[in-house]
1. Rounded to a whole number, what is D in µm²/s for region A:136-261 from Stokes-Einstein with the Kirkwood radius over alpha-carbon pairs (10 °C, 1.306 mPa s)?
2. Using a Gaussian network model of chain A whose springs link C-alpha atoms within less than 10 Å, name the residue from A:W127, A:W140, A:W254 with the highest mean-square fluctuation.
3. How big is D, in µm² s⁻¹, for region A:277-319 by Stokes-Einstein at 20 °C and 1.002 mPa s if Rh is the Kirkwood radius over C-alpha pairs?
4. When you look at the Cβ of every residue in A:129-136, what mean number of other chain Cβ atoms sits within 10 Å?
5. Just the C-alpha atoms of region B:1-56: what Rg/Rh do they give, with Rh taken as the Kirkwood radius?
6. Give the cross-link partners of A:K166 among the aspartates and glutamates, using a straight C-alpha distance below 14 Å as the criterion and excluding same-chain residues fewer than 8 apart.
7. How high is the relative contact order of region B:5-70? Use alpha-carbon pairs under 8 Å, at least six apart in sequence, and give a whole percent.
8. When only Cα pairs under 8 Å and 6 or more residues apart are kept, what is the percent relative contact order across region A:23-124?
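Read-outs throughout are calculated quantities, based only on the coordinates presented, and are distinct from any laboratory measurement. What you see is a predicted model; the values in this text were computed from it and never measured. Methodologically, a virtual Cβ is constructed for each residue, glycine included, from the backbone with ideal geometry; neighbour enumeration extends over all protein chains shown.
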Amino acid sequence: MTNLDQILKNISEKAEKIGRPIRLMELCGTHSETIARYDLKNFLPSNIFLVTGPGCPICVTDQTEADVIVGLALAGVSIAVYGDALNLPGNLGSLEEVRQKGADVNVVYDVTDALRLSQKKGGLVFWGIGFETTTPATAWGIKQGLTVFSSHKVFVPAMKALLKNKKIRIDGFINPGHVSAIIGTEIYEKFLFPQVVAGFEIDDVLLAIDMLLNQIISQKPCVKNEYTRLVKKKGNKRALKIMEDVFEVRNGFWRGLGEIKNSGLKIRKKYQLQDAEFIYKDLILKIKKNITIKPSTCRCGEVLQGMIEPKECPLFGKICFPDNPQGACMVSREGSCNIEYRADR
Amino acid sequence: MCLAIPGKVIKINGSIALVDFSGIVKEINISLVKGVKVGEYVMVHAGFAIEKMDNEYVKEMQRYLNKKSKN
C-alpha cells in the first residue's frame, strides 16, 4: 500500500466515524488547482466536501479597481501587469481588450521585469495584485523606484469575514501555504477553528484533510502546520519588514465579500511619488465618476464564498468561458469557474 | 497566483542568485530571504525567493531518491 492509499484509508475511516457531512474550505487558489488536477473530489468519502474559498487574488479584485487600471491605460498611461490579470473583465473592458485597441499594456513575469521596462519607457504603472506571497516583491520594486497601483490584500481579515458570515457552513480551513511562508502560522491562532497550513502536492492536501478530521473528531480546534518544510511559526521576518516599510493597512474591497476592515494595502506616504493613486489622483476621480456599471447576472461573489457551485451560475458554460470570461472566477487558472470548466472537458 | 517552485541555489552575486529548477537555470532575486547560501533550496514565486526550504527535509528527500534510483 502506498502512502497515498494509507492517507485515503485514514480519511475514509475518520469520515465514517464523523458520519455527518463535512465541508472543508481551501483558501488558496493553488490548492484548488491541485485538487482539480488530481480529481481529488472523486476519491474522497461521500460526506467530505471541498469548497473553494476566496484565495484567487484575481477573482477577489474589486471591480472599481479593475476599472481604474483600464481607465488609466485608456488615458495613455503605460501599464505593466501579471499575465493572470490581463483578461479580468470590467465595465470599461479588460486590459487585453484595450491593449488590442492600442493602449500600452505590457505583461511581465515579475517585478524586476516591470522595473526594467519602466526604466526603458521612462515610467509606467505596475498593477500590484495579490496576497502576502506577492506583496513583498512589489514592496521591493517600489523601493527601487517602481510606480504601483496597489490592489494588494491582506489574507487573515478575509478569514475573519468568512467565519462571521453565518450563511457559510464550513467545518475547517486548509490555510494557504505560500502566504503562510511569509506571514507564519502563529497569526492564525486568533481563530479557534480547525485549520491546517498545507503544501501543494497531492499528499500535502490529503494530509491536511486527514489532520482537519482529527481536529473535528477530537473537538479541539487549533492551527496545525503540514508544510513544515517551508513554513515557520513567525514567517519570513525580512519579507514582513519590507512590506511593513512600504505599505499600511486600509479597508479593502473584495469581490463577493464587500468591504473588509484592514484587509487592503495602501502605499505609505513616504513613497507617494511611486503611488499611482497619488500621482493620478484627479484622473482616477474622473475615471470613477464616469463608470457606467454593466448589468450582469454573474454570481462570482457567491462562488467565491463557497455558497454556490460554479455550475449554479446562469452564465457558466453558456456565455462565460475561459476564452470569454464574464466574471472574475473564469479568468485565472486558479478561479473556481475556470477550474470547473476545464475539469469538465 | 501563489504558485511557487523550489530550486537549488548554484551561484550568488549580491541580491541575485542563479537557481537551478531541475535543469532550467534562472536568475532569481534573493533579497527577501535572509542568509541564502549556495547549495540550499529556495521556494521561488514570480522571480523572487520567498523562503528557504528546510535543509533536513531536502537531505531526506535526496537520500530517498538516491536509494530509489539505485534499486
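1. 99 µm²/s
2. Largest GNM mean-square fluctuation: A:W140.
3. 165 µm²/s
4. Counting other chains' Cβ atoms within 10 Å and averaging over A:129-136 gives 4.
5. 0.91
6. Hits, sequence-local ones excluded: A:E302.
7. It rounds to 27 percent for region B:5-70.
8. Relative contact order for region A:23-124 comes out at 23 percent.
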